[in-house]
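The values are calculated or read from the model by the stated rules, or taken from the named source; none is laboratory data. From a predicted model like this one, the values you see are computed outputs, not experimental measurements. As a convention, Cβ positions derive from the backbone with ideal geometry for all residues, glycine included, and neighbour counts pool all protein chains shown.
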Amino acid sequence: MHDNFEVVIGLEVHVQLTTKTKIFCGCSTAFGSSPNSQTCPVCLGLPGALPVLNRQVVENAIKAGLATNCQIAPRSIFARKNYFYPDLPKGYQISQFELPICEHGWLMIETDDGEKKIGITRIHMEEDAGKLLHGETAEAANSSFADLNRACTPLLEIVSEPDMRSADEAIAYLKKLHQIVVYLGVCDGNLEEGSFRCDANVSIRPWGQEEFGTRAELKNINSFRFIKQAIEYEVERQAELVEDGGKVIQETRLFDSQTGMTRSMRGKEEAHDYRYFPDPDLVPLVVDSDWIERCKGLLPELPEAKRQRFVEELGMPERDADILVAEKSVADYFDACVALHDDNKTCANWVTGELSRKLNEENIAIGDCPVTPELLVGILKRIGDNTISGKIAKQVFDEMWQSGKDADTIIDEKGLKQVTDTGAIEQLVDEVIAANPGQVAEYKGGKDKLIGFFVGQVMQKSKGKANPGMVNQLLKKKLSE
């Protein structure tokens with residue numbers, strides 16, 4: 001938001017698809033291979049090489065369209081988008097223009113003022129360009145090299161309506177979209193590798209004005225934090241420019257994460273600058289209703305539906321449901337725990353608490369976690385049947401993380417079974433009361449909070465093995481006598 005101007009934001013998101021091969025050839029899409037090792041005559045644009053459409057790319061596009069409430073076009077056309085970069089071998093990019101595969105969708109986002117609907121203009125399929133490497137070594141300090149492994153990699157471009165009015169709304173939309181494509185399995189969502197990246201169109205206009213202002217396009221940003229910084233900086237830059245009597249020019253700008261500023265890259269091209277025309281090597285794509293229905297059947301449980309199930313069927317607080325649903329891998333882990341153990345609340349507390357803490361500490365993803373849902377549930381069951389206390393359970397968890405042993409083995413090997421024998425606990429309680437006459441007098445004089453001190457003393461004597469509930473009960477009984 002800006003005091004004097006309304007901010008208008010539209011986003012173009014490039015989603016790299018998780019297909020094993022490229023969109024128009026059989027070359028691998030694996031990330032990190034040596035330069036130019038994943039190329040062929042088709043993705044190198046050699047004369048006479050013909051593109052063949054990857055069916056999986058189309059299915060991924062249909063699934064993304066269905067998940068974002070789009071209409072799926074029964075007929076769409078591939079076009080050549082002509083421009084000249086050193087990393088674009090053919091001198092044009094195969095994309096879709098007038099007839100994209102998906103149109104007229106929307107997503108709901110949460111804002112400070114409640115829910116807001118953000119329109120999606122279109123989703124179209126296209127191929128990626130290659131990558132330029134500038135001065136990668138000391139010997140090549142003033143040289144640039146083209147790595148064409150990425151050329152012809154399949155992308156979906158998801159274009160929003162200019163419906164967002166702040167950087168926060170833009171980030172809420174991006175996170176929702178990112179969550180959906182990862183849940184669908186059409187994108188790995190890796191921002192660092194550029195699998196999910198965004199161009200932001202930012203403009204300002206005086207409050208109440210219907211006509212849009214001149215926009216600047218912020219190009220290829222692959223971090224939510226940087227996108228927010230870039231938009232906020234650009235809004236201030238345009239506002240200051242206009243207030244000083246200047247004019248915003250239509251251009252493409254780059255964001256410098258070191259300075260937090262945007263800088264001019266080039267004048268912004270329009271559609272006519274690219275000279276689109278239908279690709280003569282690719283026939284129109286026809287998607288019938290049966291194909292759409294088959295894709296509907298392939299859709300997983302999406303974040304919103306999963307969240308609703310957690311709240312309504314499992315009786316989970318909305319805040320906990322939001323935390324668990326945020327990442328698909330975490331939600332799947334939790335679902336696996338619930339399938340093995342009927343205490344939903346304890347499962348949720350451990351997944352969002354102890355497990356998340358350890359994952360953050362070790363800086364690893366839940367998919368690489370050494371404690372499987374089966375192992376974790378082993379601990380939870382032993383808490384449930386009073387074999388161990390919650391405090392001892394954390395000790396068992398740490399040992400499990402290191403050794404991979406199950407809960408019962410660790411409890412037996414380390415002698416961690418909880419003491420539930422009333423006589424043994426009563427003896428410890430008597431010893432603590434006898435050793436602390438001053439505190440006993442204070443407690444009887446009305447200092448009820450001292451119960452915590454006595455519980456701590458008993459637990460210390462039992463090396464944490466006494467059942468805390470029984471300790472509490474016995475202490476209150478004895479101290480009130």
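Key figures for this structure:
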item	result
Segment 355-374: number of residues that are in contact with an Asp or Glu (Cβ under 9 Å, 6 or more places away or on another chain) and under 19 Å from PHE310 (Cβ atoms)	2
Cβ-Cβ under 8 Å pairs, at least 6 apart or on other chains, segment 227-256 side more than 16 Å from LEU174 (Cβ to Cβ), far side of a type in the set (Lys, Arg) and in a loop (DSSP other than H, G, I, E, B)	LEU241/LYS247; VAL248/ARG215; GLN250/ARG215; GLN250/LYS268; GLU251/LYS268; THR252/LYS268
Selected residue (criterion: nearest to MET470 (Cα to Cα)) from residues of segment 425-442 that are of a type in the set (Val, Ile, Thr) and over 53 Å from the mean Cα position of the chain (by Cα)	ILE433
Leading residue by the ranking (farthest from the chain's Cα centre (by Cα)) among those in segment 194-216 that are under 27 Å from SER264 (Cβ atoms) and acidic (Asp, Glu)	GLU211
Selection within segment 74-83 - in a loop (DSSP other than H, G, I, E, B) and in contact with a helix residue (DSSP H, G or I) (Cβ under 9 Å, 6 or more places away or on another chain)	PRO74, TYR83
Residue under evaluation LEU17, criteria (1) modelled with pLDDT of 95 or more; (2) more than 16 Å from HIS124 (Cβ to Cβ); (3) within 29 Å of the chain's Cα centre (by Cα), criterion not met	(2)
Residues being over 30 Å from ASP147 (Cβ atoms), of a type in the set (D, E, K, R) and crowded, with 19+ Cβ neighbours inside 10 Å - total across segment 86-106	0
Conditions (1) surrounded by fewer than 16 Cβ atoms within 10 Å (Cβ to Cβ); (2) of a type in the set (Val, Ile, Thr); (3) farther than 25 Å from PHE78 by Cα; number of the one not met by THR262	(1)
